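To keep things clear, I will list the structure first and then write my remarks on it.
The values are calculated or read from the model by the stated rules, or taken from the named source; none is laboratory data. Please read all numbers here as calculations on a predicted model, not as lab measurements. Ideal geometry is used to build each Cβ from the backbone, glycine not excepted, and the neighbour counts take in all protein chains shown.
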Amino acid sequence: MHVSRRSFVIGTAVSAVAGALVACGSSEQGGEAASPDEATKLTLCLDYTPNTNHTGIYVAQDKGYFADEGIEVQIVQPPENGAEAMVGTGQAQLGISYQDYLANAYAGGNTGLEAIAAIIQHNTSGIMSKKELGITHPAAMEGNRYATWDLAVEQATIKQVVEKDKGDFSKIQMVPYTVDDEVSGLRADLFDCVWVYEGWAVQNAKVQDYPVNYFSFISIDDVFDFYTPVIVANTEYANQNPDAMKAFLRATAKGYQFAIEHPDEAAEILCAAVPELDVALVAESQAFLAGEYQADADRWGVIDADRWAAFYEWLNDNDLVENKLDPKSGWTMEYLA
């Protein structure tokens, strides 16, 4: 959410191992089960710099929920292209990823990890644009400049929503995405519309008092209601240490439940842990995500088999992965209480 979809991994996730070791470090990452008198140490590799996607984890750390479960969690920053390599090779036992990132990892041969909980229940990404252009639905992107990362999955998504809205994808001008702050890019007239996460970029526009329009992908096509982001675990470690995984998720669920019920205090906890964050933006983002972490699910973290499979089937049908995916694979609810 803090960054755009431009960081989607193109090559095999395994190829990132060398960079991952440098970025995340190698100390205290064994994750071996502890004796009864000491905490089980787990390493969790983030997907990006800390942001409100991660608030429940920081709350669990701050409130002692992990300690109550007999676990000690080391939170580390990821390599440039994500946590998949770290988790898939066991350098970290846990990480933050996305269903589409996992698809790319699996297609490239990195099958050593799986999703164990959904951080946000529905896909909250879509297109943000300059208010004055009136881009309130996909077909209205015609004749405007879209900031692209020139990735197959990205452009196939845009093409599908535009054509479903009776628009002509070929009439959209593709321009390179060159900024990390989408609002700044719109202000500088570098592009007219861009793929963003509503919980961060749209809230950033609100904080900056910059008028924008926004529409979500899931309002156009249910196939794009994939899981983004998710908590992933190293499959071998999880199989061998199910109690540690269950303990981690019990504590984490309490952290996200706290963030749902007390978004202001949760935002303060995140900002105290990561003081470089913009306090006003975190507050707005946290208020938005309080209603999105669980949304209409019966509890935080659940993954719906049909929704998961529908997106992977779409990737297969559109030849967007190197090797066909098993739509039923890549996730488990075994560890979520």
Practice prompt. Return the pairs, sorted by first residue and then second, in which the second residue is assigned to a loop (DSSP other than H, G, I, E, B) and aliphatic (A, V, I, L, M), the first residue lies in region 219-234 and is assigned by TED's automatic domain parsing to the domain that holds I75 and within 16 Å of K246 (Cα to Cα), the beta carbons are less than 9 Å apart, and the residues are 6+ apart or on different chains.
Written response: V230/I119; V230/I120; V230/I303; I231/I119; V232/A83; N234/A92
Item to complete: Identify, from the list A115, A92, A85, A107, the residue that is modelled with pLDDT of 95 or more and more than 14 Å from the chain's Cα centre (by Cα).
Response: A92
Worksheet item: Only one of Y98, Y146 is hydroxyl-bearing (S, T, Y) and in contact with a Ser or Thr (Cβ under 7 Å, 6 or more places away or on another chain); which?
Response: Y98
Response to the item:
Note on region 211-229: residues part of a strand (DSSP E or B) and either surrounded by fewer than 17 Cβ atoms within 10 Å (Cβ to Cβ) or in contact with a Gly (Cβ under 9 Å, 6 or more places away or on another chain) (or both) are N213, Y214, F215, S216
Worksheet item: Which residues, taken from region 176-210, are crowded, with 19+ Cβ neighbours inside 10 Å, in a loop (DSSP other than H, G, I, E, B) and either without any contact (Cβ under 8 Å) to a residue 12 or more places away in the chain or over 22 Å from the mean Cα position of the chain (by Cα) (or both)?
Response: F191, D192
Discussion item. Can you tell me which residue is surrounded by the most Cβ atoms within 10 Å (Cβ to Cβ) among those in region 230-248 that are part of a helix (DSSP H, G or I) and among the small types (G, A, S)?
Written reply: A244
Worksheet entry | Failed item, numbered, when A272 is tested on (1) assigned to a helix (DSSP H, G or I); (2) crowded, with 16+ Cβ neighbours inside 10 Å; (3) touching a residue at least 24 places away in the same chain (Cβ under 8 Å); (4) not aromatic (F, W, Y) | (2)
Practice prompt. Might you let me know whether region 51-59 holds any residue that is in a loop (DSSP other than H, G, I, E, B), touching a strand residue (DSSP E or B) at 6+ places or on another chain (Cβ under 9 Å) and farther than 29 Å from D319 by Cβ?
Written response: no
Worksheet item: Within the set of pairs 6 or more residues apart or between chains, which connect a residue that is in the same structural domain as V207 (by TED's automatic domain parsing) and touching a residue at least 40 places away in the same chain (Cβ under 8 Å) inside region 280-298 to a residue that is outside any helix (DSSP H, G or I) and surrounded by fewer than 24 Cβ atoms within 10 Å (Cβ to Cβ) with Cβ atoms less than 6 Å apart?
Response: none
Item to complete: For A105, work out the one condition from (1) within 30 Å of M333 (Cβ to Cβ); (2) surrounded by fewer than 22 Cβ atoms within 10 Å (Cβ to Cβ); (3) hydrophobic (A, V, I, L, M, F, W, C) it doesn't fulfil.
Response: (2)
Worksheet, complete the sentence: Across (1) surrounded by fewer than 24 Cβ atoms within 10 Å (Cβ to Cβ); (2) out of contact with any Phe, Trp or Tyr (no Cβ under 9 Å at 6 or more places or on another chain), V153 clears everything bar (2)
Worksheet item: Within region 97-109, is there a residue that is under 27 Å from K324 (Cβ atoms), touching a Pro at 6+ places or on another chain (Cβ under 8 Å) and not in a loop (DSSP other than H, G, I, E, B)?
Response: yes
